[in-house]
Amino acid sequence: MATSIAEKPWTDEPLALIPTPVFESKMHNLFTNGASHMCMVHNSLFRGYNSIYQQAPYIADADKLAFIGYCLTWYKFLKTHADNEDISLFPKTEELLKDNTIFEESHKEHSSFKPGLAEFHDYLTSLKSPSEFSGSKLLEIMATFQEPLDKHMRSEVATIAALSSHPGTPKEGSKEEKAAQQAFDTREGNNLIMSGMTDVLPFFLFNYDSGYEGGIWADWPPIPGLVRWTIMNVAQILHPWWKFASCDAQRQRRPLYAVPGPGNI
Ligand SMILES: [Fe+2]
């Protein structure tokens with residue numbers, strides 16, 4: 001009997017995916033677009049978190065080393081994402097709008113989940129051997145920062161979307177708006193590539209559901225198909241852990257590898 005995606009658990013829990021401001025408002029100005037792109041990165045981080053959370057209790061001894069690598073790649077993705085915002089996106093946006101109060105809360109929110117995230121990293125890197133890995137211990141650590149992470153990732157999207165009505169925002173359709181959009185897209189794209197071409201970038205792509213919100217994000221980010229194919233295939237040659245990801249090399253959602261049961265979506 002065919003099962004629908006909605007009937008079986010997938011990586012949309014415990015962290016519920018965030019709807020994009022473009023999907024909700026149908027607007028396409030600088031900050032609605034920017035917040036939506038940010039939202040798609042956050043959703044990939046959420047699918048990563050959820051895939052770790054759901055599979056951690058079921059990891060066989062033979063898979064523990066690879067799973068630890070998968071978890072540490074998620075850690076690197078989130079850590080570099082937050083660090084890049086603190087040193088690049090937030091100050092550049094405040095500079096554009098001549099308002100250095102915009103991201104005060106976001107900076108504080110970063111501090112609210114970073115200690116738990118550091119513990120996640122320290123636990124995984126201090127194991128004497130992969131066989132020592134305990135799924136229940138990892139879940140215990142994840143529980144310490146799940147709520148502040150969830151809150152921050154949602155509120156940051158809302159904060160950026162709300163800048164559409166900031167008095168310093170370039171007028172919709174103006175040359176200034178186009179230039180700002182291009183500068184933001186280029187900088188954020190480069191930041192993601194610099195974070196790790198063979199680990200962070202493929203982690204983002206292997207947890208990116210191209211069918212999300214009816215497929216309106218299937219062509220984003222604007223990486224040519226052949227380049228994306230190469231990035232994902234090289235990553236598969238280099239690292240054994242992509243089987244734990246929530247999507248396949250075509251960025252289609254798939255059953256989680258380690259969760260028991262036939263086809264769990
Ligand atoms: Fe973010």
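The values are calculated or read from the model by the stated rules, or taken from the named source; none is laboratory data. Note that the structure is predicted; figures quoted are calculated from it, not measured. When we count neighbours, we look across all protein chains shown, and the Cβ atoms used for this are built from the backbone with ideal geometry, even at glycine.
Given the condition closer than 20 Å to N43 by Cα and either in a helix (DSSP H, G or I) or not aliphatic (A, V, I, L, M) (or both), answer yes or no: does some residue in region 118-131 qualify?
Checking region 118-131: at least one residue is closer than 20 Å to N43 by Cα and either in a helix (DSSP H, G or I) or not aliphatic (A, V, I, L, M) (or both).
Go through region 161-220 and give me each residue that's in contact with a helix residue (DSSP H, G or I) (Cβ under 9 Å, 6 or more places away or on another chain), of a type in the set (S, T, N, Q), under 28 Å from F67 (Cα atoms) and not in a helix (DSSP H, G or I).
Across region 161-220, the qualifying residues are T198, N207.
T144: in contact (Cβ under 8 Å) with a residue 12 or more places away in the chain, more than 16 Å from the ligand (Cβ to nearest atom), farther than 25 Å from H107 by Cα and of a type outside the set (D, E), yes or no?
Numbers: in contact (Cβ under 8 Å) with a residue 12 or more places away in the chain: yes; more than 16 Å from the ligand (Cβ to nearest atom): yes; farther than 25 Å from H107 by Cα: no; of a type outside the set (D, E): yes.
It is false that T144 is in contact (Cβ under 8 Å) with a residue 12 or more places away in the chain, more than 16 Å from the ligand (Cβ to nearest atom), farther than 25 Å from H107 by Cα and of a type outside the set (D, E).
Any residue in region 57-68 that is crowded, with 21+ Cβ neighbours inside 10 Å, in a helix (DSSP H, G or I) and away from the ligand (no atom under 14 Å from the Cβ)? Write out each step before concluding.
Residues of region 57-68 that are crowded, with 21+ Cβ neighbours inside 10 Å, as a first pass: 59, 67.
Imposing the further condition that a residue be in a helix (DSSP H, G or I) reduces the set to 67.
Those left that are additionally away from the ligand (no atom under 14 Å from the Cβ): 67.
There is at least one residue in region 57-68 that is crowded, with 21+ Cβ neighbours inside 10 Å, in a helix (DSSP H, G or I) and away from the ligand (no atom under 14 Å from the Cβ).
Scan region 123-131 and give yes if some residue there is within 16 Å of the ligand (Cβ to nearest atom) and crowded, with 16+ Cβ neighbours inside 10 Å, otherwise no.
no
Restricting attention to region 74-85, does a residue exist that is under 18 Å from the mean Cα position of the chain (by Cα), surrounded by fewer than 22 Cβ atoms within 10 Å (Cβ to Cβ), closer than 24 Å to F113 by Cα and of a type in the set (K, R)?
The answer is yes; a qualifying residue exists.
In region 209-263, how many are in contact with a Phe, Trp or Tyr (Cβ under 6 Å, 6 or more places away or on another chain) and at pLDDT 95 or above?
Qualifying residue count for the region: 9.
So for region 234-241 (the condition being part of a helix (DSSP H, G or I) and surrounded by 18 or more Cβ atoms within 10 Å (Cβ to Cβ)), does at least one residue qualify? Before the answer, list the steps.
Of region 234-241, the ones part of a helix (DSSP H, G or I) are 234-238.
Now narrow it down to the ones that are surrounded by 18 or more Cβ atoms within 10 Å (Cβ to Cβ): 235.
Yes, region 234-241 contains at least one residue that is part of a helix (DSSP H, G or I) and surrounded by 18 or more Cβ atoms within 10 Å (Cβ to Cβ).
What's the number of the only condition in (1) under 17 Å from the mean Cα position of the chain (by Cα); (2) surrounded by 15 or more Cβ atoms within 10 Å (Cβ to Cβ) that S155 fails to meet?
Here S155 meets the rest and fails (2).
Which condition number in (1) within 30 Å of T186 (Cβ to Cβ); (2) away from the ligand (no atom under 16 Å from the Cβ); (3) surrounded by fewer than 21 Cβ atoms within 10 Å (Cβ to Cβ); (4) within 19 Å of the chain's Cα centre (by Cα) is the one that E13 fails?
Going through (1) within 30 Å of T186 (Cβ to Cβ); (2) away from the ligand (no atom under 16 Å from the Cβ); (3) surrounded by fewer than 21 Cβ atoms within 10 Å (Cβ to Cβ); (4) within 19 Å of the chain's Cα centre (by Cα) one by one, E13 breaks only (1).
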